[in-house]
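Notes follow the structure.
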Amino acid sequence: MAWVTGQQLRLYNSLGRRLEDFTPSADVVGLYSCGPTVYSYQHLGNMRPYVFADTLRRALRWKGVPVRAVVNITDVGHAVADSDTGEDKLEVAAAKERRSVEEIAEFYAQDWLAALAALNVQPADVYPRASEYVEQMIAFAVRLEELGYTYQLPTGLYFDTSKSPGYGTLALLDLAGQRETGRVEHVEGRKQASDFALWRAEEPGVRRVMRWNSPWGWGAPGWHLECSVMSMALLGEHFDIHTGGIDHRELHHVNEIAQSEAYLGDGRPWVRYWLHNEFILLDAQKIAKSAGHTLRLADLVEAGYHPMAYRLFLLGGHYRSQLDFTFTAMDAAQATLRRLVSRVAPLRPLPRVETLADARALLGAPAAAAAGVTADAPVTHGAPVDDKAALAYVEAVDAAIANDLATPKLLATLQEALRDPDITAEGLKIVVATADALLGLRLADLDPAEVDQRRPTDDLTPEQVAAIERLIAERTQARKEKNWSRADEIRGELDALGVQVTDTPTGPTWQLR
Ligand code: AMP
Ligand code: ZN
């Protein structure tokens with residue numbers, strides 16, 4: 001096995017809440033990321049888990065570790081408000097949009113996949129759909145029933161969390177506390193508030209659109225079941241890494257672990273590393289579909305931002321930090337991207353770099369500098385580039401990514417190299433290719449002309465221009481009166497129209513993004 005070279009990769013494991021050395025347990029690392037429920041458009045916040053998982057994949061590739069990546073698509077089983085009873089999100093959306101459940105799922109899944117492609121997220125090896133695994137989910141629940149982990153109520157089959165030793169460890173769960181918070185819905189007859197549905201039985205007199213027959217009657221699977229079943233089916237019973245948004249750490253992943261470890265019953269942790277990304281905030285609140293937030297990548301593109309600018313915005317924060325989405329920050333990201341791409345374009349073509357070993361070989365350094373590690377030396381053409389400064393930057397990039405995927409540091413290192421008068425042009429090419437192997441900003445091919453596609457103002461009608469100028473005048477007045485909240489509100493309205501206002505000493509100017 002080509003094994004990790006350079007700095008030891010360290011990742012923050014939510015299980016134990018600490019930075020740990022990452023060591024693969026198999027020749028191919030299994031990586032499972034919880035995917036979206038495809039009942040509506042995915043918002044900007046929903047993109048973060050996949051850009052983060054993509055960064056992780058790139059980091060593993062950089063270290064010479066092969067990965068098999070699975071991302072599920074939830075097209076059944078996710079009840080409204082993440083609860084165990086009530087309507088399925090997909091069915092509600094289908095009724096509202098007067099389309100079939102299949103159409104809804106397919107439409108929003110394709111929209112999501114297109115957004116990921118625009119963000120240069122490498123496609124997963126498999127995107128399993130929950131609806132295709134219901135038979136396996138039933139078999140999984142039958143096994144749990146045989147093992148004595150379940151009980152049945154009129155509302156369905158429940159997992160008895162009191163039978164699961166260490167239930168809630170991932171969440172550092174205070175079970176008594178969870179009961180107090182009232183976050184958990186009341187279900188008649190449920191033994192513990194933390195018990196969750198493996199099977200959601202049809203309510204009497206209600207016929208679901210998506211329904212399957214099971215030993216517990218007609219109904220649909222519980223939401224948590226799909227991830228245990230599909231990950232085991234596609235990655236083996238145990239695998240190395242499971243990722244998702246931070247909200248999953250408290251409930252969904254806790255329940256996945258409980259049912260999976262009960263099912264396996266081998267006393268081993270089901271998955272070794274649990275990694276969670278923090279939220280993207282809008283106005284200091286989590287962007288959430290349920291709160292009616294729908295700001296999505298397509299809106300940014302419509303307003304003239306390049307998808308890579310949003311990727312750059314995301315990478316500018318560490319995945320474990322909350323990040324405030326603002327149009328000011330997007331403007332900054334767009335400007336940085338523009339500068340970066342115009343600076344890098346003359347250096348093209350860039351050499352092909354995917355791994356640390358690739359970069360070191362191009363610079364004539366031994367593929368594996370750390371003690372006791374070996375890696376296959378990649379084949380390079382031509383003489384290696386003799387550039388000590390470039391090699392130092394490559395090592396700095398390696399140190400940054402190995403330190404729990406420190407993308408802000410990695411970006412800073414790239415910028416530093418681009419400003420360095422002592423680096424050679426050939427060395428710089430290697431450093432840029434190296435950084436982009438991990439950042440995925442398409443620095444090797446993004447056309448500078450493609451980056452900036454602000455709409456020319458001549459597309460606007462005179463009425464639109466007048467309306468914009470009226471808003472700007474109102475904002476100027478509000479600012480004069482120190483009515484900051486009104487001024488901010490107007491800026492928000494202008495943002496929504498794709499208008500960017502810049503305050504200059506001679507008054508405000510504006511342009512379209
Ligand atoms: P959902 O379809 O709601 O399960 O969300 C898909 C993924 O996006 C999950 O991993 C969520 O944890 C994650 N997510 C949802 N909202 C945000 C947000 N505002 N910022 C970052 N991640 C989010
Ligand atoms: Zn999941």
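Just flag the chymotrypsin sites (Phe, Trp or Tyr not before Pro) in the stretch 1-60 sitting in loop per DSSP whose Cβ has no more than 15 other Cβ atoms within 10 Å.
Sites meeting the loop and neighbour criteria: TRP3.
Assign one of three labels to the stretch 120-177, namely rounded, prolate or oblate, based on the Cα gyration tensor with a ≥ b ≥ c the square roots of its eigenvalues; rounded applies when a/c is under 1.5, prolate when it is not and a/b is larger than b/c, and oblate otherwise.
Note, shape of the stretch 120-177 comes out oblate.
Please give the FRET efficiency for GLU416 paired with THR169, using the beta carbon to beta carbon distance and R0 = 45 Å, rounded to the nearest 0.05.
0.65
Give me the extension gain from ALA425 to HIS186: residue separation times 0.36 nm, minus the current Cα-Cα distance, reported in nm with one decimal.
Gain in length upon complete extension: 79.5 nm.
Scan the stretch 51-145 for trypsin sites (Lys or Arg not before Pro) in coil per DSSP, keeping those whose Cβ has at most 14 other Cβ atoms within 10 Å, and list them by number.
ARG98, ARG99
Quickly work out the LEU19-to-LYS409 label distance, labels modelled 7 Å from Cα along the C-beta direction, and quote it in nm with one decimal.
Between LYS409 and LEU19, the simple spin-label model gives 0.6 nm.
Which value in nm describes the separation of the simple spin-label points at ALA298 and ASP331, placed 7 Å from the Cα toward the beta carbon?
The modelled label-to-label distance comes out at 2.7 nm.
Does the chain come out rounded, prolate or oblate by the C-alpha gyration tensor, with a ≥ b ≥ c the root eigenvalues, rounded set by a/c under 1.5 and, if not, prolate when a/b is larger than b/c and oblate if not?
Oblate, because a/c is 1.5 or more while a/b does not exceed b/c.
Quick one, could you list the DSSP H helices from the chain stretching 24 Å or more along their long axis (Cα atoms) with average Kyte-Doolittle hydropathy of 1.6 or above?
none
Collect residues whose amide H, placed 1.01 Å from N in the peptide plane, falls under 5 Å from the amide H of VAL29; neighbours closer than 5 in sequence don't count.
Under 5 Å from the amide H of VAL29: VAL67, ARG68.
Which GluC sites (Glu not before Pro) does the stretch 465-513 hold that lie in a coil by DSSP with at most 10 other beta carbons within 10 Å?
Sites meeting the loop and neighbour criteria: GLU481.
How far is the Cα center of the stretch 29-85 from the Cα center of the stretch 111-145, in Å?
Each part reduced to its Cα centre gives a spacing of 9 Å.
Add -39500 (n - 2.57) for each DSSP H run of 4 or more in the chain, then divide by its residues: what number comes out at 222 nm, to the nearest 500 deg cm²/dmol?
Calculated at 222 nm, the ellipticity per residue is -13000 deg cm²/dmol.
First check a/c for the stretch 1-88, with a ≥ b ≥ c the square roots of the eigenvalues of its C-alpha gyration tensor; if it is under 1.5, answer rounded, and if not, answer prolate when a/b is larger than b/c or oblate otherwise.
It is prolate, given that a/c is not under 1.5 and a/b is the larger ratio.
Mind putting a number on the dipole of the chain about its Cα centre? Charges go on the C-beta only, +1 for Lys and Arg and -1 for Asp and Glu, and I need it in Debye to the nearest 20.
700
Quick check for the chain: number of Lys pairs with alpha-carbon distance under 28 Å, counting only pairs 8 or more apart or on different chains?
Counting lysine pairs in the chain gives 13.
No lab work stands behind these numbers, since they all come straight from the coordinates. Nothing here was measured: the structure is a model prediction, and the numbers come from that model. Note that each Cβ is placed from the backbone with ideal geometry, even for glycine, and that neighbours are counted across all protein chains shown.
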